1. May I ask you to list the residues in the range 20-35 that are surrounded by 10 or more Cβ atoms within 10 Å (Cβ to Cβ) and either in a helix (DSSP H, G or I) or touching a strand residue (DSSP E or B) at 6+ places or on another chain (Cβ under 9 Å) (or both)?
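The values are calculated or read from the model by the stated rules, or taken from the named source; none is laboratory data. None of the values given here were measured: they were computed from a predicted structure. Note: ideal-geometry Cβ built from the backbone for every residue, glycine included; neighbour counts use all protein chains shown.
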C-alpha cells in the first residue's frame with residue numbers, strides 16, 4: 001500500500017490522489033517522479049529522428065554529395 005501524504009500547512013493526512021486539504025484548503029500538488037522531464041525529452045528526440053528528413057537537410061547545406069542524375073536520350 002502506498003504511503004499517505006501530509007498537508008504541508010496543517011499536517012492532516014491526505015489521500016494519495018488528493019491535491020487540496022479538506023481541513024485547511026491548502027493546495028498540495030502530487031509530486032511527479034524525477035524522470036518525467038527526461039522521458040518527455042527522450043520521446044521528442046525519438047519522434048524528431050523518425051520525422052525529420054536529414055538527407056534533405058544535408059543536401060540543402062551542401063554536406064551531401066549525390067551523383068548527378070543523367071537522363072538517357074533516345075535517338076531513332
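1. Our first condition is that a residue be surrounded by 10 or more Cβ atoms within 10 Å (Cβ to Cβ); within the range 20-35, this holds for 20-28, 30.
If the condition is that a residue be surrounded by 10 or more Cβ atoms within 10 Å (Cβ to Cβ) and either in a helix (DSSP H, G or I) or touching a strand residue (DSSP E or B) at 6+ places or on another chain (Cβ under 9 Å) (or both), then 20, 21, 22, 26, 27, 28, 30 are the ones that fit.
One line per residue, one yes/no per condition, for (1) at pLDDT below 85; (2) over 25 Å from the mean Cα position of the chain (by Cα); (3) surrounded by 10 or more Cβ atoms within 10 Å (Cβ to Cβ):
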| position | (1), (2), (3) |
| --- | --- |
| 7 | no, yes, yes |
| 18 | no, yes, yes |
| 38 | no, no, yes |
| 43 | no, no, yes |
| 54 | yes, no, yes |
| 58 | yes, yes, yes |
| 62 | yes, yes, no |
| 69 | yes, yes, no |
